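Quick notes on the structure that follows.
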Amino acid sequence: MANISMSHDEATVSPLDETTRETLPANAAQLQWYVVGLFFIFGGITSLNDVLIPKLKHLYSLSYFEAMLIQFAFFAAYALISMPGAALVKRFGYMRTAVIGLLTMAAGCLLFIPAAMSSVYAAFLGALFVLASGVVIVQVVANPLISMLGPKRTTHSRLTFAQAFNSLGTTIFPLVGATLILGGLASIDPASLQGSAREAFLAAESRAIVNTYIGLAVALGVLALLVWLGRKQLHEQAAPPTPLRQSFDLLRQTRFAFGALCIFLYVGAEVSIGSVLVNFLTQPDTLAGTAERAGQLVAFYWGGAMIGRFIGSGVLRVVTPGIVLLGVAIGAMLLVAISALTLGESSGYALIAVGLMNSIMFPTIFSLASEDLGPRTAEGSGIICVAIVGGAIVPAITGLVADAAGLRTSLVVPLLCYVVIAAFGIWCWRAVRSRAFS
């Protein structure tokens with residue numbers, strides 16, 4: 001995608017400055033709830049991929065790698081849309097850009113209709129890319145905005161609290177999606193059908209997917225209207241525009257670059273586990289359940305993250321963020337190792353429990369990486385959102401390993417991701433200690 005830049009005589013809008021952060025308007029609490037709603041909806045829609053993967057894998061007789069292209073199509077949008085999304089924020093402001101993102105998400109949901117009618121797997125991938133583009137724009141808005149709607153001293157806690165509602169969405173949506181999308185998954189092998197019989201089967205089985213995403217499109221339209229009506233409640237200040245390519249000089253800062261790498265690895269690890277979870281839990285040597293039941297258990301994976309974030313928002317007020325990040329990264333490493341090396345219920349439930357360890361990782365890494373960026377916060381958010389492309393690349397690698405050596409062996413991929421995240425926790429903790437004793 002071409003670089004986007006804006007001339008100095010174009011109207012632009014910047015993030016709230018530091019003074020505004022400490023002297024907030026009376027409606028700051030209401031604005032925070034607008035942002036919390038954004039976290040809820042884009043989190044829930046992202047987690048629906050975990051139940052969409054086994055459905056389309058079955059319908060189109062896909063390998064694990066081919067099925068992981070769902071996540072690749074979705075998360076590739078972060079690489080292509082994040083920086084243009086940051087440019088939209090600077091031009092139109094946070095609230096108006098959120099409306100653009102929500103309407104783009106709704107358009108992506110509606111594209112599931114022609115995708116199902118065509119019975120072509122690639123058409124679903126295209127619809128997912130458009131949907132994800134809207135998610136990216138909304139996320140570029142939400143992360144820095146919730147950070148700035150309050151004092152700097154409580155940024156880690158506030159972002160973690162907002163992310164808890166993101167996890168509430170990722171908990172609820174798979175529960176509903178498992179029933180609507182995976183419920184009554186036909187035992188017929190589509191590969192055994194030919195011609196019109198196969199097309200009729202695919203159309204019938206895709207109907208549940210289409211109905212689910214039409215409902216989401218309606219909900220997104222309503223939310224876009226609410227945000228549009230409340231757009232004037234946030235008074236943003238003009239700032240000089242920055243050419244898009246110039247934003248990447250932020251990566252010269254070691255702390256920011258290390259944090260962006262960890263976002264890449266964290267999202268990749270989290271998405272990889274969520275993507276293989278249904279297939280992993282249905283294995284005879286794990287829980288041997290049905291696809292619908294396994295899809296419902298995915299909600300506990302995301303639910304663990306929700307619980308951990310509510311707890312973490314309090315813990316981060318009293319414990320150094322680097323220490324907390326190190327602790328949960330080590331916990332995730334141990335749980336993934338248990339899941340890979342054991343059989344039966346312990347293996348399945350250990351992998352589900354990784355969600356609890358994931359809980360505070362994204363908001364803590366984000367806030368540690370973007371501290372003190374000031375008026376360049378929107379640019380930093382855009383670059384960090386580019387790093388979320390790890391959700392496209394790491395799952396694809398995990399899928400390749402799963403095809404070659406099995407699902408259990410493929411868990412080494414997210415395990416290595418958590419090792420690097422633990423190192424970032426140590427690095428940030430030492431940085432805090434160095435400042436304290438300097």
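The values are calculated or read from the model by the stated rules, or taken from the named source; none is laboratory data. Note that the structure is a prediction, hence the values are computed from the model and not measured. No Cβ is skipped: glycine too gets one built from the backbone with ideal geometry, and neighbour counts run over all protein chains shown.
Things to note:
- Filter pass, Ala350 being among the small types (Gly, Ala, Ser), surrounded by fewer than 24 Cβ atoms within 10 Å (Cβ to Cβ) and either assigned to a helix (DSSP H, G or I) or at pLDDT 85 or above (or both): yes
- All of Glu379, Glu292 fail the test of being of a type in the set (D, E, K, R), surrounded by 24 or more Cβ atoms within 10 Å (Cβ to Cβ) and in contact with a helix residue (DSSP H, G or I) (Cβ under 6 Å, 6 or more places away or on another chain), apart from Glu379.
- Residue count for region 373-423 under the criterion of being in contact with a Lys or Arg (Cβ under 9 Å, 6 or more places away or on another chain) and among the acidic types (Asp, Glu): the result is 1.
- Qualifying helices (runs of 4 or more DSSP H) (wholly inside region 363-431; at least 2 residues being over 29 Å from Leu88 (Cβ atoms)): 390-405, 407-410
- Hey, Val218 of a type in the set (A, V, I, L, M, F, W, C), modelled with pLDDT under 90 and exposed (fewer than 15 other Cβ atoms within 10 Å of the Cβ) or not: no
- Just one residue in the set Phe40, Phe72 is touching a Gly at 6+ places or on another chain (Cβ under 7 Å) and assigned to a helix (DSSP H, G or I); that residue is Phe40.
- Within region 247-281, being in contact with a Ser or Thr (Cβ under 9 Å, 6 or more places away or on another chain) and without any contact (Cβ under 8 Å) to a residue 24 or more places away in the chain holds for no residue.
- Meets criteria (surrounded by 23 or more Cβ atoms within 10 Å (Cβ to Cβ), at pLDDT 95 or above and of a type outside the set (D, E, K, R)) for Val276: no
- Scanning region 404-415 for residues that are surrounded by 16 or more Cβ atoms within 10 Å (Cβ to Cβ) and among the aliphatic types (A, V, I, L, M) turns up Leu407, Leu411, Val413, Leu415.
- Of Val401, Val386, all but one fail to be surrounded by 21 or more Cβ atoms within 10 Å (Cβ to Cβ) and touching a residue at least 12 places away in the same chain (Cβ under 8 Å); the exception is Val386.
- The condition of being modelled with pLDDT of 80 or more, assigned to a helix (DSSP H, G or I) and surrounded by fewer than 24 Cβ atoms within 10 Å (Cβ to Cβ) does not hold for Ala29.
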